[in-house]
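Data first, discussion second: the structure below is written as structure tokens.
The values are calculated or read from the model by the stated rules, or taken from the named source; none is laboratory data. Note that the structure is predicted; figures quoted are calculated from it, not measured. Here the Cβ positions follow ideal geometry from the backbone for every residue, glycine too, while neighbour counts run over all protein chains shown. Calculation scope for accessible area: heavy atoms of the full protein, side chains included, ligands and nucleic acids excluded. Shrake-Rupley method; radii C 1.70, N 1.55, O 1.52, S 1.80 Å.
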Amino acid sequence: MQTQWLNKYWSQGIRAMPPRDVHEHHRASTPLELLFDLVAVIAIAAAAGELHHAVAHGHALEGAGKFVLAFFAIWWAWMNFSWFASAYDNDDAIFRVLTMGLMMGSLTMSAGIAPFFQQGDLQLIVLGFVWMRLCMVLLWLRASRHHPALRRTTLTYALGLVLVQCYWVGLMLAQPLSLPVLLLLFAFGAVLELAVPAIAERQGITPWHRHHMMERYGLLNLIVLGETLLAGSVAISQLQQLAQSTSGFLPLLTLGLVPLLAMILLFCLWWLYFSREEHLQQQNLRMALTWGYGHLLIYAAGAAVGAGIAVQVDLLTGKAHISNVIATGAVALPVALYLFGLWLVRDRFVFRGASRYLLLGFAVALPPISLFATGFGPIAGLLCITLCTLLAVLLRSSHACCQAHHLSVSGVEQ
């Protein structure tokens, strides 16, 4: 009887892993993928929180360097699973168990972010990351068994991942290292990680689903933009405490503007990302790599905007002893990077003429303009950033409507 039960479970709970249909209709994120995203929320919030504290305590450059390292590990592990699931997710017991293993590794990385920022201890981040990558190796080996047509691709993924993890373990064992040396060695390891898909996919493109990946990337962008909402909520709570401890109107008004400006800025960043123009317009390797990798700038910048807003709150409440220029730069630079990222992965492909450089122009002009505005008051820089981003939304939306109208008229005439 027990043998029959095991055979029945094996036949029903464990299935083959054939490639998914790249033209499947109504493809959407699965509940398991959404559960996996929840773990990414924890890790991203931890990294953004540590960046906030580093900048507020006068360690902006050190904090930014560590934030890039930690965020890359979070994003890269999330991205690799998302692309794999888009191509091979069969939702059987083995796939679910290995996904749970990925989630455990992500939680381990999350637990290691604070020790890394505060003591330079990389152990938990590396162990969690390597564990996630080994789970991915098992998934790729399984895909190689059930998709013979792309066996070279899937095996290249598996072998490449194993080799790069040896590098990360060696880097962990080489600690302690100075931060500049660590970042230099990390950059080399990051290049190795980025090279694995670029090499593997040239053996044959995996059957990822274009609309599914656009949805997955959009969902993660909502997660990183949520850090700005969190910072706005903190500003409101601090406003209540300030109202109880002071009778001054100007400090209350200044702090009260922060959640309002944060909300407007959040909507602007959301609006710019979720435009009518599709992000990934073609299913080819070159565009997929540009779009997939370029989102690192968008995601890291989106999370850093929330950290910058939190720094603004600390400055206005007297908890951060930094200059107004640094506090403004903590918001202006991430917003500029976010705009540049959107230009890099989308606008330069979907627009024509000089207007395709609209977001690039705002990305270049926004930091110096906002830093100049800091001379007019503690909140002037944040106000300038918000107004410039709002102007970018208005101009880009107007041009997108004009281009869409022109294309529709041209189509009718033809």
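Every residue, every condition in (1) open to solvent by 50 Å² or more (accessible area, probe 1.4 Å); (2) part of a loop (DSSP other than H, G, I, E, B); (3) out of contact with any Leu (no Cβ under 9 Å at 6 or more places or on another chain), yes or no:
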residue	(1), (2), (3)
Val181	yes, no, yes
Leu185	yes, no, no
Ala198	no, no, no
His211	yes, no, no
Asn221	no, no, no
Val224	no, no, yes
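Filtering Leu134, Leu124, Leu155, Leu138 for residues that are touching a Gly at 6+ places or on another chain (Cβ under 6 Å), surrounded by fewer than 22 Cβ atoms within 10 Å (Cβ to Cβ) and among the hydrophobic types (A, V, I, L, M, F, W, C) leaves a single hit, Leu124. Residues of region 1-35 that are among the small types (Gly, Ala, Ser), open to solvent by 40 Å² or more (accessible area, probe 1.4 Å) and either in contact with a Leu (Cβ under 6 Å, 6 or more places away or on another chain) or modelled with pLDDT under 85 (or both): Ser11, Ala16.
How about region 356-383: which of its residues are open to solvent by 70 Å² or more (accessible area, probe 1.4 Å) and more than 18 Å from Thr254 (Cα to Cα)? Selection gives Arg356, Tyr357, Val364, Pro368, Ile369, Phe372.
Can you confirm whether region 137-151 contains a residue that is out of contact with any strand residue (DSSP E or B) (no Cβ under 7 Å at 6 or more places or on another chain), at pLDDT 95 or above and under 21 Å from His295 (Cβ atoms)? No. For the criterion of being open to solvent by 50 Å² or more (accessible area, probe 1.4 Å) and either of a type in the set (Lys, Arg) or in contact (Cβ under 8 Å) with a residue 60 or more places away in the chain (or both), Leu230 passes.
Report yes if some residue within region 187-205 is among the β-branched types (Val, Ile, Thr) and touching a residue at least 60 places away in the same chain (Cβ under 8 Å); otherwise report no. Within region 187-205, one or more residues are among the β-branched types (Val, Ile, Thr) and touching a residue at least 60 places away in the same chain (Cβ under 8 Å).
Residue-wise test of (1) touching a residue at least 60 places away in the same chain (Cβ under 8 Å); (2) of a type in the set (Lys, Arg); (3) open to solvent by 10 Å² or more (accessible area, probe 1.4 Å).
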| position | (1), (2), (3) |
| --- | --- |
| Trp75 | yes, no, no |
| Trp83 | yes, no, yes |
| Tyr88 | yes, no, no |
| Ile94 | yes, no, yes |
| Leu98 | no, no, yes |
| Leu107 | yes, no, yes |
| Ser110 | yes, no, yes |
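One residue stands out among those in region 282-324 that are among the aromatic types (Phe, Trp, Tyr) and open to solvent by less than 10 Å² (accessible area, probe 1.4 Å): the one that is modelled with the lowest pLDDT, which is Trp291.
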